[in-house]
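The values are calculated or read from the model by the stated rules, or taken from the named source; none is laboratory data. Source: prediction; values computed, not measured. A quick note on method: Cβ atoms are made from the backbone with ideal geometry, for glycine too, and the neighbour counts reach across all protein chains shown. Remember, those area values only see protein heavy atoms, side chains included, never the ligands or the DNA or RNA. Shrake-Rupley method; radii C 1.70, N 1.55, O 1.52, S 1.80 Å.
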Amino acid sequence: VTGVLDDCLCDIESIDDFNTFKIFPKIQKLQERDYFRYYKVNLKRPCPFWADDGHCSIKDCHVEPCPESKIPVGIKAGSSNKYSKAANNSKELEDCEQANKLGAVNSTLSNQSKEAFIDWARYDDSQDHFCELDDERSPDAQYVDLLLNPERYTGYKGPSAWRVWNSIYEENCFKPRSVYRPLNPLAPSRGGDDGESFYTWLEGLCLEKRVFYKLISGLHASINLHLCANYLLEETWGKPRWGPNVKEFTRRFDPAETKGEGPRRLKNLYFLYLIELRALSKVAPYFERAVVDLYTGNGQEDAESKALLLDIFRDTKSFHMHFDEKSMFAGDKKGAKSLKEEFRLHFKNISRIMDCVGCDKCRLWGKLQTQGLGTALKILFSEKEIQSLPENSPSKGFQLTRQEIVALVNAFGRLSTSIKELQNFKVLLQQTR
C-alpha cells in the first residue's frame with residue numbers, strides 16, 4: 001500500500017517513517033514499564049448475545065493470570081491514589097481501600113444509600129464511555145502481565161471466530177442487511193458482485209459512519225497482522241518457534257488472493273493509527289499536569305515512565321498531517337448529538353461482543369484493543385473538557401481510569417507494531433519473489 005489515505009490528507013510513506021524512527025522504539029519501551037504491563041481484566045464474563053460455544057482448549061489460548069504478590073503495591077491500591085503521593089503511605093493504603101469500597105461516600109450512610117451513590121457515580125461516568133468497562137471489583141477480574149501473554153496466533157479460528165467478527169460488522173457498522181460485505185464466509189455468495197455494491201454503499205455514507213467502519217476494519221487488519229507476524233512455525237521437542245508466516249500474510253492481504261480487498265484493509269489500519277495518534281496528541285494536557293502520577297510505588301520508575309510518556313506526546317504533536325476530527329459531528333447541534341450517541345452505543349456494543357470470543361488470549365487482546373480505541377474516541381470528543389482541566393486538582397469534567405490509560409497506550413503500541421511488521425513483510429515478500 002502506498003499513497004494518500006481517503007478522508008484525510010496524509011500519505012502512508014510519512015506514517016511509516018514517523019512510526020519507525022520516532023514512535024515504535026519509545027512505545028515499546030513504555031509498554032515494558034510496570035505501570036503499563038499489568039492490565040486488570042475479567043475473562044469470565046458470559047457472552048451477552050448468544051449461548052457460549054465452548055472455550056478454546058488449545059494450550060496457546062490460555063492466559064496466565066498474575067499472582068497478587070507480583071503486582072506493584074501502587075497499582076494494587078486502586079484508583080483513589082492516582083493523584084497524590086501523600087495518599088500512598090501504607091497506613092493510608094487501607095483508608096484508600098476502605099474509601100474505594102464505599103465509593104468515597106460518608107460512612108455513616110445506610111448501605112442502601114451507599115449503593116445508590118455508587119450507582120449514580122457509575123451512571124455519570126458511563127455517559128462518556130465508549131466501552132463497556134469490566135468491573136474491577138468483581139472477584140473474577142484478575143491482573144494479567146501483558147508481556148508474559150503476548151498476542152499471537154493461537155489456532156483459534158473457524159465458525160466461532162468468524163461469528164464474532166460477523167456480528168461486529170453486520171450489526172454494529174450501520175450496515176443494512178441487504179448489502180453484503182466482500183469475502184464474508186458467513187454471507188451467501190453473490191456471483192459477480194465483488195463487494196462493489198458494498199463500496200458504493202460505503203461511499204454514500206456520511207463521514208462519521210464511514211469512519212466508524214474504517215476503524216473496525218483497521219482494528220481487524222491490525223489483529224490479523226499480529227497473528228501473521230507471530231505465528232507458530234514449528235514445534236519440535238515441545239520447543240515452539242514463533243515468527244512471521246508469509247503464506248498466511250499473503251492469504252489475508254494479497255490483492256490477488258483477496259480480490260483487491262487486502263490493500264483496503266491495510267489502508268484502514270493506517271487510518272486507525274492516525275485516529276489514535278490524534279487522540280494521544282489531544283490528551284497530552286491531561287498528563288502534563290503535576291497532579292497526575294503514573295503511580296506504582298517506585299518513585300524513580302514512576303518519574304521515568306511519565307517522562308517517557310510525555311516524550312511520546314511531544315512526538316505525536318510534531319506530526320504534521322493529523323486527522324482533523326473537527327469535521328466529524330459538525331452538523332446541526334441536535335443531529336450531531338444524536339449521531340455521536342449512536343456512534344457511542346454501537347462502539348459500546350462491540351466492546352460487549354468481545355466477551356463472546358472463545359479463546360482467552362484473543363479475548364484479552366480484543367478487550368484491551370477495543371478499550372484502547374474506545375478511550376481514544378472518548379478523548380477526541382472531550383476536547384473542551386481537556387482544555388479546561390484544573391492544574392492542581394483532580395478534574396471533575398474529564399477523567400481517565402488506570403485501565404483506560406493502560407489500554408490506550410497498549411492499543412496504540414499494537415498499531416505501531418502492526419505498521420512495523422508490515423515493513424518486515426514487504427522485505428520478506430521481495431526476498432521470496
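Annotations for the structure displayed:
- Inter-part distance where region 316-362 and region 141-179 are each reduced to a Cα centre, Å: 17 Å
- Nearest-0.05 FRET efficiency for L9 and A336, computed from C-beta distance (R0 25 Å): 0.65
- Sites E68 and R314, calculated FRET efficiency, Cβ-Cβ separation with R0 41 Å, nearest 0.05: 0.70
- Cα shape, region 182-307, gyration tensor, a/c 1.5 rule: oblate
- H226, H220, ranked by accessible area, largest first (probe 1.4 Å): H220, H226
- Cα pair distances in region 290-433, grouped into 5 Å bins until the bin that holds the longest one, percent each: 2, 7, 11, 16, 19, 16, 14, 8, 4, 2, 1, 0
- Cα shape, region 134-181, gyration tensor, a/c 1.5 rule: oblate
- The calculated FRET efficiency for E248 paired with S393, based on their beta-carbon distance and R0 = 51 Å, is about 0.50.
- Kirkwood Rh and Cα Rg combined as Rg/Rh, region 271-369: 1.06
- With the simple model of a label 7 Å out from the Cα in the direction of the Cβ, L345 to K157 spans 3.7 nm.
- Per-residue ³J(HN,Hα) for region 22-39, Karplus 6.51 cos²θ - 1.76 cosθ + 1.60, θ = phi - 60°, Hz, x for Gly and Pro: 10, 7, 3, x, 6, 5, 4, 5, 5, 5, 7, 7, 3, 4, 9, 8, 9, 10
- Gain on full stretching of the segment that runs from N424 to D140 - 0.36 nm per residue minus C-alpha separation: 98.4 nm
- Once the 1.4 Å probe is applied to the protein heavy atoms, region 215-284 comes out at 39 Å² accessible per residue.
- The apolar share of the surface of region 201-289, taken as the fraction of accessible area on carbon and sulfur atoms (1.4 Å probe, ligands and nucleic acids excluded), comes to 51 percent.
- Reachable lysines, given that their alpha-carbon falls under 26 Å from the alpha-carbon of K259 and they are not under 8 places away in the same chain: K157, K175, K209, K214, K247, K267, K420, K426
- Residue-level accessible surface for S318, protein heavy atoms, 1.4 Å, Å²: 60 Å²
- Stokes-Einstein D for region 179-239, Kirkwood Rh over Cα pairs, 10 °C, 1.306 mPa s (µm²/s): 110 µm²/s
- With DNA, RNA and ligands ignored, accessible area of D254 (1.4 Å probe; Å², nearest 10): 40 Å²
- Working note: Karplus 6.51/-1.76/1.60 with θ = phi - 60° gives region 213-229 the couplings 4, 5, 5, 5, 5, x, 5, 4, 5, 4, 5, 4, 5, 4, 5, 5, 7 Hz, where Gly and Pro are set to x.
- Ordered from highest to lowest accessible area with the whole protein assembly present and a 1.4 Å probe, L309, L428 read as L428, L309.
- Of I223, I379, the residue with the largest accessible area leads and the full order is I223, I379 (1.4 Å probe).
- Contour minus Cα-Cα distance for E383 and T200 (0.36 nm per residue): 62.6 nm
- Based on protein heavy atoms only, region 319-433 ends up with 41 Å² per residue of surface accessible to a 1.4 Å probe.
- Nearest-10 value in Å² for the accessible area of T417, using the 1.4 Å probe: 20 Å²
- Net length gained if the chain between F49 and K26 were fully extended (0.36 nm per residue, minus Cα distance): 4.4 nm
- Loop-located chymotrypsin sites (Phe, Trp or Tyr not before Pro) in region 233-266 (DSSP state other than H, G, I, E, B) with a sparse environment of at most 16 neighbouring Cβ atoms within 10 Å: W237.
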